[in-house]
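Asks: Quick one: the structure is below, questions incoming.
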Amino acid sequence: MGFRARWLFLPKHFPLQLAFKCYKLIFLHKRPHEMKKLFALLTILTIISPAIAQKGKVYTVISPNKEIIVQVDVADKITYSLQHESQELILGSPISVTLADGTIFGKKDKVKKALSNSVDEIIKPIFWKRNEIVNKYNEIILTFKEFKLTFRVYDDGAAWRFSPMVDSPEILVKEEEVSFNFTHDYAAYVSHTNNNTFQHSYENTYTKGKLSELSDSLTMLPFLVEGKSDLKMVITEADLYDYPGFHVKKDKENPQKITGTFPGFPKETKVGGHSNFNKIVVSREDYIAKIEGTRDLPWRAIIISTEDRELLDNDMVYKLSRAPEGDFSWVKPGKVAWDWWNALNLRGVGFEAGINTASYKYFIDFASKNNFEYVNLDEGWSDQFDLLKLAEDIDVKKIFSYAEEKEVDIILWCVWHTLDKQLDEAMEQFAEWGVKGIKVDFMDRDDQEAVNFYWRVAEVAAKYKIAVNFHGAFKPTGLNRTFPNVINQEAVRGLEYNKFAEPDGTTPDHAATIPFIRMVAGPMDYTPGAMTNANKADFKVVFERPMSQGTRSAQLGMYIVYEAPLVMLADAPTSYEAEPEILEFLSKVPSTWDNTKAIDGEVGEFAVIARQKGDTWYIGGISNWEAREIGVNLSFLGEGNYEATIYKDGPNAERVGEDYVKETQKVTAIDRLVFDVAPGGGFAVILKKIKN
């Protein structure tokens with residue numbers, strides 16, 4: 001059989017360059033041990049090629065480990081497809097950008113230049129979940145007449161972005177087409193908006209169902225799609241700058257297809273919502289963004305894992321975001337004594353607790369004694385519509401002075417639209433008072449106006465060396481890399497819902513889901529640390545005397561499992577002081593790490609993570625409402641002997657959530673710890689290396 005006959009076995013649209021390489025390897029080199037593998041590869045490609053190759057020119061990008069393949073088809077429309085090894089995940093999915101003047105990037109465009117690029121570098125964050133991040137990928141940059149399109153493929157996912165190149169200081173983006181045409185009616189974990197609008201807090205639970213069964217409500221990012229053989233895909237975005245964030249919705253014509261949708265640029269707004277803390281969009285323009293003619297748009301990312309645990313330790317959003325400029329060495333992560341969740345329920349203190357000077361001095365003393373870096377003053381320290389007008393029944397300046405004396409830093413809570421009106425003036429005053437952080441709340445939007453507010457606050461706060469914690473916020477998109485003073489972000493249904501969200505609050509099932517989905521986007525201010533811990537039957541929503549669902553040990557485990565460089569101590573100082581062993585743990589556990597290892601987990605079931613600080617390792621585990629046995633292999637420890645201090649569910653934790661056991665034992669890397677985890681339970685372990 002000659003060359004021509006052999007070629008006929010290849011599909012009609014098989015990429016010729018790849019076909020030629022296969023021909024040379026198989027028929028010219030004639031290595032029998034390789035021919036079998038290559039014929040298998042050809043068989044796979046023969047099957048999948050008609051599905052992913054269209055009429056246009058196809059460009060292929062393969063991950064460094066050769067497991068992920070992205071093909072970009074430039075025809076009448078630009079489409080992309082994605083597969084992992086032999087599993088097709090996404091069929092030809094159209095992407096484009098439409099301008100208000102009718103110009104469409106991605107329709108009947110011709111490639112002028114195609115540039116391939118490979119990067120293998122190390123990123124060294126100022127602080128994060130590890131000291132060094134491997135940034136290794138292959139990419140292709142396609143240049144057209146008025147835009148560029150970049151596809152980047154990592155070993156754990158892929159991303160793309162458009163980059164307009166229009167000779168104009170300003171263009172109007174009418175819409176961006178983002179689509180995910182999945183190959184099957186996969187199951188998905190999604191979090192819907194409450195009111196099917198773009199005005200919400202990103203604080204809902206996740207529900208699981210087939211793509212075809214999704215409701216017509218808007219779905220927030222990130223969301224998770226299950227492939228076959230335990231493969232998972234998390235969809236999100238990165239490097240969101242001067243542009244709206246996007247949500248997704250089910251395609252009405254194709255139940256296996258998910259499409260992006262963007263909030264229009266605000267046309268008219270008004271103050272409203274809860275206590276007039278929101279800025280409500282009354283009407284929107286018929287375009288989504290005003291942008292410069294030449295710039296990069298945000299990355300659209302597909303993060304892939306073959307084991308659930310891999311999602312517990314993913315850096316893609318961070319890697320895709322722009323690097324910081326300037327000196328951020330002054331930024332101080334840490335733990336925060338927080339007033340709002342516990343309603344200032346101090347006990348046995350000899351004064352009336354509340355929003356007053358005596359109470360906050362107590363919080364400051366508590367933080368100082370236990371080496372906690374911050375005290376947060378939530379609502380009540382000022383007129384929340386004038387940040388320079390201090391409350392009359394509290395001596396805020398005296399509190400600042402006392403905190404400085406005790407070497408404790410202060411974080412101030414504020415309403416976003418008030419801060420926006422007084423930004424420079426307020427920040428200058430905060431810096432003069434000695435404020436080291438702000439907690440900005442109630443944005444509840446991700447249109448371009450709101451996104452730009454985040455960047456504006458981050459930039460001005462950095463000027464005055466003030467850290468920022470965004471609440472009532474959209475999901476992280478890498479701003480914490482660009483501005484490391486953006487030290488945490490909410491965008492999660494956290495412990496606060498146990499104060500007011502009847503009847504379910506926030507459950508262990510939810511707590512065991514968010515590390516695999518929401519946390520993939522970046523740090524989250526879940527605010528753990530409840531000291532009243534109830535089982536499912538006994539739990540009640542009580543605003544002034546809140547409790548957690550699940551066990552005490554699960555609350556401790558969250559300080560290790562959840563990524564939060566700025567982490568709250570949700571309960572009252574006196575509640576912790578009544579439990580010296582718990583307070584000792586909270587005083588020791590770090591909030592940033594030198595290294596992280598995802599140990600085990602299943603979405604919505606349980607999660608186990610090990611993190612290192614210096615020569616000490618910490619292990620955290622949390623479970624849903626199902627009791628289970630969890631084993632942890634300690635091989636990550638390396639050489640040497642360690643003393644393990646273990647906090648685990650007690651024998652009665654299923655009935656009384658506060659029941660826990662603290663014990664110590666000597667361990668090495670060849671040992672294995674086994675935990676009998678109660679419903680809603682967990683554990684925390686400190687592994688301190690024993691010096692010879």
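The values are calculated or read from the model by the stated rules, or taken from the named source; none is laboratory data. Keep in mind it's a predicted model, so treat the numbers as computed, not measured. Every residue, glycine as well, gets a Cβ built from its backbone with ideal geometry; the counts of neighbours run over all protein chains shown. Side chains included, ligands, DNA and RNA excluded: accessible areas come from the protein's heavy atoms. Shrake-Rupley method; radii C 1.70, N 1.55, O 1.52, S 1.80 Å.
Asks: Would you mind calculating the gained length between residue 296 and residue 406 on full extension (0.36 nm times residue separation, minus the Cα-Cα distance), in nm to one decimal?
Replies: Gain on extension, residue 296 to residue 406, equals 35.0 nm.
Asks: Classify segment 176-219 from the C-alpha gyration tensor, please: rounded if a/c falls under 1.5, else prolate or oblate depending on whether a/b exceeds b/c.
Replies: oblate
Asks: Ignoring ligands, DNA and RNA, please state the percent of accessible area on the chain from carbon and sulfur, probe 1.4 Å.
Replies: About 46 percent, which is the carbon plus sulfur part of the accessible surface.
Asks: Moving on to the next point. Straight-line reach from residue 361: which lysines have a Cα under 16 Å away, not including same-chain ones fewer than 8 places off?
Replies: 369, 397, 398, 406
Asks: Once you have a ≥ b ≥ c as the square roots of the Cα gyration tensor eigenvalues for segment 151-281, tell me rounded if a/c is under 1.5, and otherwise prolate or oblate according to whether a/b is larger than b/c.
Replies: oblate
Asks: Can I ask one more? What is the distance, in nm, between label points placed 7 Å from the Cα along the Cα-to-Cβ direction at residue 661 and at residue 143?
Replies: About 6.7 nm separates the two model spin labels.
Asks: Under the rule of -39500 (n - 2.57) per DSSP H run of 4 or more residues, summed and divided by the residues of the chain, what mean residue ellipticity at 222 nm is obtained, to the nearest 500 deg cm²/dmol?
Replies: The per-residue figure over the chain is -5500 deg cm²/dmol.
Asks: To continue, here is another question. If packing is taken as the average number of other Cβ atoms within 10 Å across a peptide's residues, how do 416-427, 567-578 rank, most packed first?
Replies: 567-578, 416-427
Asks: Quick one: which of 122-134, 293-305 comes out on top by average Cβ neighbours within 10 Å, and what's the full order, highest first?
Replies: Going by the mean number of other Cβ atoms within 10 Å, highest first, we get 293-305, 122-134.
Asks: A further question on this structure: Rounded to the nearest angstrom and ordered from largest down, what semi-axes does the equivalent ellipsoid of segment 551-671 get from its C-alpha gyration tensor (root of 5λ)?
Replies: Semi-axes, largest first: 22, 18, 15 Å.
Asks: Just the accessible area for residue 206, please: 1.4 Å probe, Å², rounded to the nearest 10?
Replies: Around 40 Å² of this residue is reachable by solvent.
Asks: Under 22 Å Cα to Cα from residue 210, which lysines show up? Leave out anything in the same chain fewer than 8 places away.
Replies: 228, 232, 249, 250, 252, 257
Asks: May I ask you to give the average projected area over all directions of the convex hull of the Cα atoms of segment 300-381, in nm² rounded to one decimal?
Replies: 9.7 nm²
Asks: Right, another one. Test of understanding: what is the full-extension gain from residue 135 to residue 584, defined as 0.36 nm times their sequence separation minus their Cα-Cα distance?
Replies: Length difference between fully extended and current span is 157.9 nm.
Asks: Taking a cut-off of 22 Å between Cα atoms, list the lysines near residue 124, but don't count ones fewer than 8 places away on the same chain.
Replies: List returned: 136, 319, 332, 465, 597, 613.
Asks: How many Å² of accessible area per residue for the chain, probe 1.4 Å?
Replies: Result: 40 Å² per residue.
Asks: Compute the length gained on full extension between residue 123 and residue 268: take 0.36 nm times their separation in residues and subtract their Cα-Cα distance, giving the result in nm to one decimal.
Replies: Computed gain between residue 123 and residue 268 is 48.0 nm.
Asks: May I ask you to list, by number, the DSSP H helices of the chain whose Cα span along the axis is at least 24 Å and whose average Kyte-Doolittle hydropathy reaches 0.5 or more?
Replies: Taking the DSSP H segments of the chain (at least 24 Å long, mean hydropathy at least 0.5), we get 32-52.
Asks: According to a simple spin-label model (label point 7 Å from Cα along Cα-to-Cβ), what is the distance in nm between residue 369 and residue 355?
Replies: For the pair residue 355/residue 369, the computed spacing is 2.6 nm.
Asks: A further question on this structure: Return the equivalent ellipsoid semi-axes of segment 112-206 as a descending list in whole Å, where each equals the square root of 5 times an eigenvalue of the C-alpha gyration tensor.
Replies: So the three semi-axes of segment 112-206 are 28, 25, 17 Å.
Asks: Is the C-alpha gyration tensor of segment 511-556 telling us rounded, prolate or oblate? Criteria: a/c under 1.5 is rounded; beyond that, a/b larger than b/c is prolate, otherwise oblate.
Replies: Verdict is prolate for segment 511-556.
Asks: Rounded to the nearest 5, what % of the DSSP beta bridges within the chain are antiparallel ones?
Replies: About 85 percent, rounded to the nearest 5.
Asks: Express the Stokes-Einstein translational diffusion coefficient of the chain in µm² s⁻¹, to the nearest whole number, given a Kirkwood radius over alpha-carbon pairs, 4 °C and a viscosity of 1.567 mPa s.
Replies: D, rounded to a whole number, is 48 µm²/s.
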